[in-house]
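Beneath this line is the structure, given in structure tokens, with notes to follow.
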Amino acid sequence: MLENPEQAALLRRVGIKGRGVRRVLGQMNKLEARYAAYLEMGRIGGNLEWYAFDAIKLRLAEATFYTPDFLVMLPDGEIQCHEVKGFWEDDARVKIKVAASIFPFTFLGLRLVKGQWEAERF
């Protein structure tokens, strides 16, 4: 257990989640890897043109950034930012809403529910 909030904040900044799971920056977790396989099937099937993981970093405010999990381009050229979540924490939901209000992309939050990807548009 962490002894103080400053330690917790420092660990979050370097990629260590409070639940003891270390997030390696630029590397997919299992849920993101599963979604990448889903996107690849869509690309092969012609439903999307291109996708990339952690491809862009969007500046929301001074020292505040948002990196969507996937940048996706549809066959008609539309660019979408996809965020894959097992569950939403408040700060993540706020960041995607702010990003959607600033940038001209379509922002989608994706959750795997009973084996199906459910999308929430922001």
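The values are calculated or read from the model by the stated rules, or taken from the named source; none is laboratory data. Note that this is a predicted model, so its numbers are computed, not measured. Please note: Cβ atoms are built from the backbone with ideal geometry, for glycine as well, and neighbour counts cover all protein chains shown.
Out of all the residues in the range 21-32, which are outside any helix (DSSP H, G or I), among the hydrophobic types (A, V, I, L, M, F, W, C) and modelled with pLDDT of 60 or more? Walk me through how you get there before you give the answer.
Filtering the range 21-32 for residues outside any helix (DSSP H, G or I) gives 21-29.
In the following step, the residues that additionally are among the hydrophobic types (A, V, I, L, M, F, W, C) were identified as 21, 24-25, 28.
Selection gives VAL24, LEU25, MET28.
Restricting attention to the range 95-115, does a residue exist that is closer than 23 Å to GLY26 by Cβ, among the aliphatic types (A, V, I, L, M), free of Cβ contacts under 8 Å to residues at least 12 places away in the same chain and loosely packed, with under 15 Cβ neighbours inside 10 Å?
No: the range 95-115 contains no residue that is closer than 23 Å to GLY26 by Cβ, among the aliphatic types (A, V, I, L, M), free of Cβ contacts under 8 Å to residues at least 12 places away in the same chain and loosely packed, with under 15 Cβ neighbours inside 10 Å.
Out of GLY18, GLY77, GLY46, I need the residue that is surrounded by fewer than 12 Cβ atoms within 10 Å (Cβ to Cβ) and either more than 21 Å from THR106 (Cα to Cα) or at pLDDT below 60 (or both). Which one?
On the way: GLY77 fails: either more than 21 Å from THR106 (Cα to Cα) or at pLDDT below 60 (or both); GLY46 fails: either more than 21 Å from THR106 (Cα to Cα) or at pLDDT below 60 (or both).
Matching residue, one of GLY18, GLY77, GLY46: GLY18.
Quickly run through the range 33-49 and pick out the residues that are assigned to a helix (DSSP H, G or I) and of a type outside the set (Phe, Trp, Tyr). Steps first, answer last, please.
Filtering the range 33-49 for residues assigned to a helix (DSSP H, G or I) gives 33-44.
Within the range 33-49, ALA33, ARG34, ALA36, ALA37, LEU39, GLU40, MET41, GLY42, ARG43, ILE44 qualify.
Would you please list the contacts, defined by Cβ atoms under 9 Å and residues six or more apart or on different chains, that run from a residue in the range 21-44 that is closer than 15 Å to LEU71 by Cα and among the basic types (Lys, Arg) to a residue that is at pLDDT 95 or above and not in a loop (DSSP other than H, G, I, E, B)?
Short answer, once both residue conditions are applied: ARG43/TRP50; ARG43/TYR51.
For LEU60, only one of the following conditions fails: (1) among the hydrophobic types (A, V, I, L, M, F, W, C); (2) within 21 Å of LEU39 (Cα to Cα); (3) part of a strand (DSSP E or B). What is its number?
(2)
Tell me which residues, restricted to the range 49-68, are under 13 Å from ALA99 (Cα atoms) and either surrounded by 15 or more Cβ atoms within 10 Å (Cβ to Cβ) or aromatic (Phe, Trp, Tyr) (or both). Even if it seems obvious, please write down each step before you answer.
If we filter the range 49-68 for residues that are under 13 Å from ALA99 (Cα atoms), which is where we start, we get 56-61, 64-68.
Scanning the range 49-68 gives LEU58, LEU60, PHE65, TYR66, THR67, PRO68.
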